Amino acid sequence: MGKRSSGRKIAMQLLYQSELRHQPMAEVVPEFVTANGAQHDETVLWACELAQAASNVIAEADVVIQKYAIGWKIERINPIDKNLLRLGYYELKYSDTPVNVVLNEVIEIAKQFSTEESPKFINGILGSFVKNECLRES
């Protein structure tokens, strides 16, 4: 598995921890890095940067998630799925990572960490976001 793929998994886990613990990312990241002895691990450092960046736009991401999660309140979405959607939103909107890479990676993480229905749910929301908002900006 590539460094970026591993980093995305870690970033999702950091976002998840931050939400469940009700702690800001600024507290979760240093604790994670210290606990894992990863001060010099490039993948972990990139994951922490990615998680922090995604965390900075959670309110914005949640508006988009709510818009495309037809029939679902943001509070009812599985926390793993919600944080994968937030991560995907951030990368699609603010990074230069190709759309197909972001979608594929987020869906693969959902297959590993979430429910059987999650990949389709996530793909539907992020796919609609890409179709309706990202492709228009190009």
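Check off (1) part of a helix (DSSP H, G or I); (2) at pLDDT below 95; (3) out of contact with any Lys or Arg (no Cβ under 9 Å at 6 or more places or on another chain); (4) among the aliphatic types (A, V, I, L, M) for Ala38 and give me the number that stays unchecked.
Among (1) part of a helix (DSSP H, G or I); (2) at pLDDT below 95; (3) out of contact with any Lys or Arg (no Cβ under 9 Å at 6 or more places or on another chain); (4) among the aliphatic types (A, V, I, L, M), Ala38 violates only (1).
Being touching a helix residue (DSSP H, G or I) at 6+ places or on another chain (Cβ under 6 Å), modelled with pLDDT of 95 or more, of a type in the set (Val, Ile, Thr) and surrounded by 17 or more Cβ atoms within 10 Å (Cβ to Cβ) is the requirement here; does Val57 meet it?
Judged against the criteria, Val57 is not a match.
I need a count of the residues in segment 1-35 that are over 22 Å from Val106 (Cα atoms) and in a helix (DSSP H, G or I).
Number of matching residues: 8.
Testing Asn100 on (1) surrounded by 13 or more Cβ atoms within 10 Å (Cβ to Cβ); (2) over 12 Å from the mean Cα position of the chain (by Cα); (3) within 19 Å of Val130 (Cβ to Cβ); (4) not hydroxyl-bearing (Ser, Thr, Tyr), one condition comes back false. Which one is that?
Single failed check for Asn100: (1).
On the given criteria, is Lys93 at pLDDT 95 or above and more than 10 Å from the chain's Cα centre (by Cα)?
yes
Which residue pairs have Cβ atoms under 7 Å apart, sit 6 or more places apart or on different chains, and have a first residue in segment 54-75 that is among the aromatic types (Phe, Trp, Tyr) and a second that is buried (at least 21 other Cβ atoms within 10 Å of the Cβ)?
Cβ pairs passing all conditions: Tyr68/Ile125; Tyr68/Phe129.
Take residues that are among the hydroxyl-bearing types (Ser, Thr, Tyr) and either under 19 Å from Leu14 (Cα atoms) or out of contact with any helix residue (DSSP H, G or I) (no Cβ under 8 Å at 6 or more places or on another chain) (or both) and tell me which of the helices (runs of 4 or more DSSP H) falling wholly in segment 67-138 contain 2 or more.
79-94
Is it the case that some residue within segment 32-50 is in contact (Cβ under 8 Å) with a residue 40 or more places away in the chain, closer than 13 Å to Tyr89 by Cβ and buried (at least 18 other Cβ atoms within 10 Å of the Cβ)?
Scanning segment 32-50 turns up at least one residue that is in contact (Cβ under 8 Å) with a residue 40 or more places away in the chain, closer than 13 Å to Tyr89 by Cβ and buried (at least 18 other Cβ atoms within 10 Å of the Cβ).
Determine which member of the set Val106, Val64, Val29 is more than 24 Å from Cys134 (Cβ to Cβ), among the β-branched types (Val, Ile, Thr) and crowded, with 21+ Cβ neighbours inside 10 Å.
Val29
The values are calculated or read from the model by the stated rules, or taken from the named source; none is laboratory data. Small disclaimer: the values here were computed from a predicted structure and weren't measured. Don't worry about glycine lacking a Cβ; one is built from the backbone with ideal geometry, like all the others, and counts go over all protein chains shown.
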